[in-house]
């Protein structure tokens, strides 16, 4: 398995899309030295965006969290989250009424900026639910799993409304040793039980890549896919998604894919990154 | 769709296996008149057993619940539950140590009769879990879904122990209009996340039918499969399982399969019962 | 189930995307009167495109087949096929070498216009396959299923190359009563056996919709999704895909979804079209 | 990963079930020295049976094939194949009429001993198919995949008959480097397309284990599951199936599971054999 230095890779492109978890940060915080990468990209006029399946917070809040970690280059407009796709869907397809959600109060705030009324699944009264126009899975916190997942199922059985899933991940790391169940796994279970087809946003689905591509183009970025690189730590999410959208891809080994298994994983999955790099850190 | 009177069907067999929910009872209680059926079978020397995916209680407790409803013919030894298969598995494969479980205190009691120590998942300390030899999914009550399902996942990641699922159902009816998520759906979600293969007991899998068949034979029943009938309300559980095991099967319309959809369901699933009966009630 | 007249629906939009099979034609040929629809749209300045999962022929050949049926308005540039997405992928990701394919000679011709060498799977020599850079599933004809599907599997086991699927359909109608296995089902079987992740193009995946959207925009069409309608006969392909992309959708009953089952299907799948119309025919 | 000598393991049991491919033979022929194992077992009064998912030949023909390889101890009554379960099913559930099959003439012969008429799928006339009472998937040879798989699908759409699958394997090894698609994969594809539930026999399903257990008991073998060992090379088939049935299990490394990956596979799948042995060979 030949490793390429990320600086050598990065300078070939005009725009770079980064996955967040496993590339920029991990359970301990920022990947050491990753701040340099964005300074380098800015200095060399290489545009960049962060593509994340995290819908628990708005882009503004996500940007603030990077600022808290000492990274000032990842501003609000540099962030594309699957929550933005769900918001876009609701804007186009749900013009009025109430949207029920699973997640924290905070996660729903972003939807409210559309002018839609929102109600936590915890507060849905199944006897008076006729105003509810959609159900959105945002975050695994903010509700009682037993009571409120059961309420979800009965809401979807009783009313024919779309269900939107903003994070297709099944789990996320909580510490060096532990993982936690993500909202994607809960949504998938509910989908299986009710037998309906949910609308899912997030990598590796093409829609988040086209959203990022158009967002970058509107801000003056390249529309030449040959000039865009996707960087990620997960073959089935970041690299498969980037490849399918026609981008070059770089797998980094700071997250989900361990160095010793890289070649075996690439071969057994048949998902082939254009480059493999130890990390996305650019030393200056 | 031709309906056959259940009395005409029943008298052709020496042993009858009944599904419980949807055949003997529903969310409102007993199916009216079902008590007569068991009197008739006893009078005519037809043996019978109840096969259930309910592992939340021991056969003795399940029998007591029928007694509370006024049915005295369904005694402890007439009941075959998927919990009995899990108990048999543990008896053969886990000779010592502690078994962690998801379910109520009551659901675990039955396992303790093996002499194994049990611990609720809620009380598992991941730092001191080396004595745990198996994880058993018994019931959807008795634990905190968020906290304890996350604990399950980390237990299974940290220790290589078998996970046993005693109820493969995804949901169960709670009232005329509402359903609830069953432990089978939670177990399936955990299995997906950890990527391991769980050991699952319950219809339509052959093992519960074998268990019932051997149990009946030991008590003097027929070993001629041609003389055994399986009665159920669910095509994919009861009828598929009975057919595959080589039994004749009767679909009843008091539960999951509605009269108006029967023919369409049979044709679209390709699961063909030997008989279709309005109910398992025998009027005398 | 309230039906809306298609003319009333169509006139609200600036651009209309049509599914082909079940909307414009069926196993007997054209849907009677569908020619009027395109005359009407042209007269009223409503732009239209046909989105099809058919990768067995190039857009030029597909257009010629409409011409043969007497429809002159569906020209080459009005057609978006999943084969175009595969071609785009190959153009971006496979710059040189040979592409192996499953399909007729004709189906591969379109790929050759990229300047890539192509070889039918039937002519692949596994001992000398190192020049093969990708495997593309185009059509169910043109090869020996037993011999060549086995060759596919061994090619993918021996070489780590991307596999691209241009038609995700599992079957297609051959006559009033019979269906045939489509290349999508064969590709799915091969994917299961080799355990790799294939790259799949076609409805309901977002990428074909964005391709059509950009193609229409480049030709002067609207970029306002509110002004685009997707018309299809299949809930899980056309309507789910259109909805997810943020378009209004019209289900027509000339194909896969039968009138008597419409409401039941919509409710059980939870896929909700904006309109339901008897057909896409506009009488003048 | 601690390896145990197979002789030390074998002598603890009264009956041993062996998987065939990967344990007794591989693509090159017999595992060298495996003949000694059966002499040893016979000398020490340890009963044994071979459990195989191979339904392409009758037990008599399978035994003859071992004789051709120089093993005379594996006689007809020592062999339990998934074809025997299908035959049992047909005997109990299809009393008359014609059974259509996919496979060679030879594979169907075994069914004919029931007195049922059989017809190769290649000779089924869909216009005159009303006498067909079941469709059985036996072997991947003996029919034209394209023409006859399409005929299967239309037969199952037109007639509501059970479909029986006698081999759940997806592929089998043909040489050191190449594998071939097995009938199990073709059956699974057909099942997906027609949307019906097929009846499947073969490991890891419990029914083949109970069949072997009862067969052994009838011939005087032990009924104490503690005294029976299952030996296999595949975790998800042999070991999972044996464990679930309550048997002790021994994984051997002469087939599917490679020595270097054993520990990783056991941990990632969570399927735990009682023993791991280099091979099932007993040197004398």
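Quick note: the coordinates plus some simple rules give every number you see, no bench work behind them. All values derive from a computational prediction rather than experimental measurement. With ideal geometry, Cβ positions are generated from the backbone for all residues, glycine too; neighbour counts draw on all protein chains shown.
Observations, loosely collected:
- For region C:161-244: rounded, prolate or oblate by the Cα gyration tensor [a/c cutoff 1.5]: oblate
- Helix D:82-93 and the longest principal axis of the Cα set of chain D meet at an angle near 50°.
- Identity and axial distance of the chain D residue whose Cβ lies nearest the axis relating D to A, Å: D:264, 5
- Most mobile listed residue (D:25, D:95, D:225) in chain D, GNM with C-alpha springs under 10 Å: D:95
- Inter-copy separations for residue C:117, label at 7 Å along Cα-Cβ, nm, ascending: 5.5, 6.7, 6.9
- Of the beta bridges in region B:83-200, as assigned by DSSP with both residues counted there, near 20 percent are antiparallel.
- Both radii were evaluated on the Cα set of region D:240-284; the Rg over Rh quotient, with Rh as the Kirkwood radius, amounts to 0.99.
- Kirkwood hydrodynamic radius over Cα pairs of chain B, then Stokes diffusion coefficient at 10 °C and 1.306 mPa s, in µm²/s: 81
- What separates the residue B:11 label point from its copies, with the point 7 Å along Cα to Cβ, is 6.3, 7.0, 9.4 nm, written shortest first.
- In percent, rounded to a whole number, the relative contact order of chain B is 24, using alpha-carbon pairs under 8 Å and six or more apart.
- Rounded to 5, the percent of DSSP beta bridges in the protein assembly as shown classed as antiparallel: 15
- Per-residue [θ]222 nm for chain C (sum of -39500 (n - 2.57) over DSSP H runs n ≥ 4, rounded to 500): -10000 deg cm²/dmol
- Gyration tensor (alpha-carbon) shape descriptor, region B:83-200, a/c threshold 1.5: prolate
- Crossing angle, helix D:206-218 versus chain D [Cα axis fit, 0-90 degrees, rounded to tens]: 70
- Crossing angle, helix D:34-43 versus chain D [Cα axis fit, 0-90 degrees, rounded to tens]: 70
- Mean-square fluctuations from a GNM of chain C, with a 10 angstrom spring cutoff on Cα atoms, peak among C:44, C:215, C:109 at C:44.
- Whether the protein assembly as shown is rounded, prolate or oblate, judged on the alpha carbon gyration tensor where a/c under 1.5 counts as rounded: rounded
- Cα centroid separation - region B:143-187 against region D:187-229, whole Å: 27
- Of all the options A:264, A:237, A:189, the one that moves most in a Gaussian network model of chain A with Cα springs shorter than 10 angstrom is A:264.
- Shortest-first distances to equivalent copies, position residue C:67, nm, label 7 Å out along Cβ: 6.1, 7.0, 8.6
- Whole-angstrom gap from region B:62-141 to region D:1-74, using each part's C-alpha centre: 37
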